[in-house]
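The values are calculated or read from the model by the stated rules, or taken from the named source; none is laboratory data. Bear in mind that the values here come from a model prediction, so they are computed numbers and not experimental data. Cβ placement follows ideal geometry from the backbone for every residue including glycine, while neighbour counts extend to all protein chains displayed. To get the accessible areas, we keep the full protein, side chains included, count just its heavy atoms, and leave off ligands, DNA and RNA. Shrake-Rupley method; radii C 1.70, N 1.55, O 1.52, S 1.80 Å.
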Amino acid sequence: MTVNKLVKASFFKDVLTNKCIIKYNNSGNKKGENKMRNLFDTEENNIYKPLAERMRPETLDDFVGQEDVVGKNAPLRQMIEQDCITSMIFWGPPGVGKTTLAKIIAQKTNSVFKQLSAVTSGVKDIKEIIEEADFNKSTGKKTILFVDEIHRFNKAQQDAFLPYVESGDIILIGATTENPSFEVNSALLSRSKVYVLNSLTKENIISILKRAISLENNENAIKISADDESLSIIADLSNGDARNSLNTLENILNITPIKQNKKLINKKIIENTLSNKMFLYDKDGEEHYNLISALHKSMRNSDPDAALYYLARMLEAGENPLYVARRLIRFASEDVGLANPTALTQAISAYEAAHYLGMPECNVNLAQAVVYLSVSPKSNSLYEAYETVKIDARKTAYIKVPLNLRNAVTKLDGELGFGANYQYAHNTTNKITNMQCLPDELVGKKYYHPSNIGKEAGIKEELKKIESIKKNL
């Protein structure tokens, strides 16, 4: 961006900020201009900004959570304090501080902060920021480009960053809620350090809520108070999302009646705000585990109606649909297994649908998987097989792999007997040999015992045929 463009942008920003500024400019009253600008900024801060925005920390000391990433003596904190940061990607769920941390880094390192959203921006927007970054570089300033939801940029858009990241024209900070290994181009990923930001703890959220109430009390004549139970409920509802908790608090404050110049937040007020007691659902507490247990056991007992009921209880109370979908994937192998191998495909498809659609659209996808798993033939043979074999695996970790199963990669390997006496099954009539595969210490062990249910009954018969062929070799 040229200097002329920057001046124009500044002029239009002034015009849009407050028409009164133009009046003061015409009269040459610079003091009046500053007074009006400060007045407008103050009003904007106090009236128009949501509580979550006003509570956004501006220093690392005020930043709550993520001790492993920016706590005392953490590597990233040292890099920030020494002003030697490089491009990075913040991976974590919503409301854990990805944007806030990027802004703190820009301020602490005296950098120009620019922000793009992958949802609304394109290559043209990227190029404009690159031009401005080039100008900043000529004035001795770094440019931090923060890209929210970077995983939503396509390959071409992500590739547009590469030359400027490599040349140092920009320091890229990307934020994503998805695994960057799958969603970010490998070339860009290799030039960035990935930092994992975890969901905030309940204690973190309560600390943020208390700080917000303190801020409101300092700035307003009407004083706010909230008991510990109320703060705990709001924290539970937030699911580790600071922005969510502050938005909830603000909504509660908006309807809390004023009595004797005070606003008292309690459980009843919270229930009235949310309009439904069912949403007082602790996603980390006992009821969370009770409901997922009930869902699992109802499917195991082939009761689709009960399973659907417990699914709805969780989803309508705000449970993360991906959590439910992950449990269905586990169930497909633990309780259905090879009695119906397609069950795992159904469960994984439900997870993908939940990932792409989200709530409420994905509720019927999860319902389909729940009913399918409920009515499928059941077998826990795979579960029992692994539970048994893992005990032996731990006890015999010292045992070396038999020589006949090792690959002779080097000449020395061959001299040591690697691969000797290996029998290639495809060279036989039935594609089966009687070669020993288990270590000597475990010969004769049987871990997988298929049931007589569903397709596993066929597998059982197939194993009997395999054993018969081996005995006759």
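Of everything in the stretch 390-437 that is open to solvent by 70 Å² or more (accessible area, probe 1.4 Å) and aromatic (F, W, Y), the residue that is modelled with the lowest pLDDT is Y398.
Taking strands (runs of 3 or more DSSP E) as the structural unit, those lying wholly within the stretch 151-240 and holding at least 3 residues that are under 30 Å from E128 (Cβ atoms) correspond to 171-176, 193-196. Applying the set (1) without any contact (Cβ under 8 Å) to a residue 12 or more places away in the chain; (2) in a helix (DSSP H, G or I); (3) open to solvent by less than 80 Å² (accessible area, probe 1.4 Å) to G140 leaves exactly one unmet item: (2). From the list T120, T99, the one residue that fits, being polar (S, T, N, Q), in a loop (DSSP other than H, G, I, E, B) and within 27 Å of S186 (Cβ to Cβ), is T120.
Taking each residue of the stretch 381-403 that is free of Cβ contacts under 8 Å to residues at least 60 places away in the same chain and of a type in the set (V, I, T) and looking for partners that are open to solvent by less than 60 Å² (accessible area, probe 1.4 Å) and part of a loop (DSSP other than H, G, I, E, B) with beta-carbon atoms closer than 8 Å, six or more apart or interchain, yields T388/Y447; V389/Y447; T396/P439; I399/P439; V401/P439. Just checking, does the stretch 82-93 include any residue being part of a helix (DSSP H, G or I) and either modelled with pLDDT under 80 or not hydrophobic (A, V, I, L, M, F, W, C) (or both)? No, that holds for no residue.
From the residues in the stretch 201-225 that are at pLDDT 85 or above and of a type in the set (A, V, I, L, M), which one is farthest from the chain's Cα centre (by Cα)? Applying the filter and picking the extreme gives I224. Look through the stretch 449-473, keep the residues that are among the aliphatic types (A, V, I, L, M) and part of a helix (DSSP H, G or I), and return whichever of them is surrounded by the most Cβ atoms within 10 Å (Cβ to Cβ). Restricting to residues being among the aliphatic types (A, V, I, L, M) and part of a helix (DSSP H, G or I), the top hit is I459. Checking each residue in the stretch 383-411 for being in contact with a Phe, Trp or Tyr (Cβ under 6 Å, 6 or more places away or on another chain) and part of a loop (DSSP other than H, G, I, E, B) picks out R406, A408. Of the residues making up the stretch 76-96, not a single one is farther than 30 Å from S245 by Cα, crowded, with 19+ Cβ neighbours inside 10 Å and acidic (D, E).
Are any residues in the stretch 438-448 surrounded by 12 or more Cβ atoms within 10 Å (Cβ to Cβ) and either part of a loop (DSSP other than H, G, I, E, B) or touching a Pro at 6+ places or on another chain (Cβ under 7 Å) (or both), and if so, which ones? Scanning the stretch 438-448 gives L438, P439, Y447, Y448.
Give me a count of the residues in the stretch 328-362 that are within 18 Å of H288 (Cβ to Cβ), at pLDDT 95 or above and surrounded by fewer than 18 Cβ atoms within 10 Å (Cβ to Cβ). Number of matching residues: 1.
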